[in-house]
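Read the structure below first, then the notes.
The values are calculated or read from the model by the stated rules, or taken from the named source; none is laboratory data. Because the structure is predicted, anything quoted here is derived from the model rather than measured. For neighbour counting, all protein chains shown are included, and Cβ atoms are generated from backbone atoms with ideal geometry for every residue, glycine included. Surface accessibility is based on the protein's heavy atoms, side chains included, excluding ligands, DNA and RNA. Shrake-Rupley method; radii C 1.70, N 1.55, O 1.52, S 1.80 Å.
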Amino acid sequence: MATEASLSISLHLQPHHHRHRHLSAAPHRHPFLQSPKHKQYNLSLSRSASNSSTPPSLQNPLRTGRFLTNDELQKLELLGNYSYHQELESGLLWIRTMREEEMDLTVTLLSESFAESMMMAGSYVKLLEFLVKNYLIERREMMPHNATLLGVYRENGAEDFELAGTVELTFDGKGANANPSTPTPPKNSPYICNMAVRKPLRRRGIGWHLLRASEDLITKMSSSREVYLHCRIIDEETEALDAQRTSCF
């Protein structure tokens with residue numbers, strides 16, 4: 001099964017199509033952790049002393065580098081505080097909005113996943129990293145109309161979290177990609193793309209929960225209850241996954 005839904009930076013080498021879904025995601029709440037420090041794929045996190053029923057805010061607020069309206073500021077704060085937690089059989093998964101200092105990790109994950117799924121030579125990864133980083137920088141400036149989520153994962157018995165996966169969300173027309181992949185999704189509809197899970201951590205339900213977290217966040221950020229997924233039609237398991245309310249990744 002492919003490792004991503006699409007990479008919307010004019011690098012598509014295979015045909016794609018869109019899948020349309022209705023949202024009914026329920027919020028996930030869990031007292032948890034503070035902002036991570038990272039080294040390569042490892043994210044070292046410290047436990048929060050809070051006993052609150054909601055996750056604590058991350059230490060560094062999200063910033064876009066442009067003027068925001070009051071409504072946009074409120075939505076940006078919601079993105080910064082968003083957390084989705086799930087205990088898996090093999091460990092604990094935490095999904096939340098990517099911080100600026102985590103961009104390089106995300107770039108590497110997307111580039112390696114895209115190169116693998118397109119069967120590109122390893123020598124192309126550096127070129128992909130350059131293109132993907134520029135793309136993520138441009139997209140980050142459009143928050144809170146879009147967002148990139150990260151899934152960080154801690155294996156049972158391990159002390160530290162590691163980067164497990166990522167997915168990109170567009171909430172409305174203002175956050176739409178200026179050069180979207182074809183077929184083009186409706187401009188004002190929420191849109192999910194660029195999902196990737198690290199190869200050693202696949203088949204654990206991480207991709208499924210990245211999609212669930214995406215749906216959950218979309219219900220908070222948009223009045224729409226329909227979302228479009230950008231999927232590669234060569235994925236043989238697409239139909240079975242969609243029947244299980246999962247994404248193509």
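Number of residues in the range 169-198 that are assigned to a strand (DSSP E or B) and free of Cβ contacts under 8 Å to residues at least 40 places away in the same chain: the value is 2.
Whenever a residue of the range 118-133 is in a helix (DSSP H, G or I), its partners that are open to solvent by 60 Å² or more (accessible area, probe 1.4 Å), lying with C-beta atoms within less than 7 angstrom and at least six residues away or across chains, give the pairs VAL125/GLU112. Scanning the range 85-117 for residues that are buried (at least 18 other Cβ atoms within 10 Å of the Cβ), under 14 Å from GLU129 (Cβ atoms) and not β-branched (Val, Ile, Thr) turns up LEU105, LEU109, LEU110, SER111, GLU112, SER113, PHE114, ALA115. Give the range 163-197 a look and list any residue that's buried (at least 23 other Cβ atoms within 10 Å of the Cβ) and of a type in the set (D, E, K, R), or say none. Selection gives GLU168 alone. Taking the range 146-161 as the range and being open to solvent by 10 Å² or more (accessible area, probe 1.4 Å) and touching a helix residue (DSSP H, G or I) at 6+ places or on another chain (Cβ under 8 Å) as the test, only THR148 passes.
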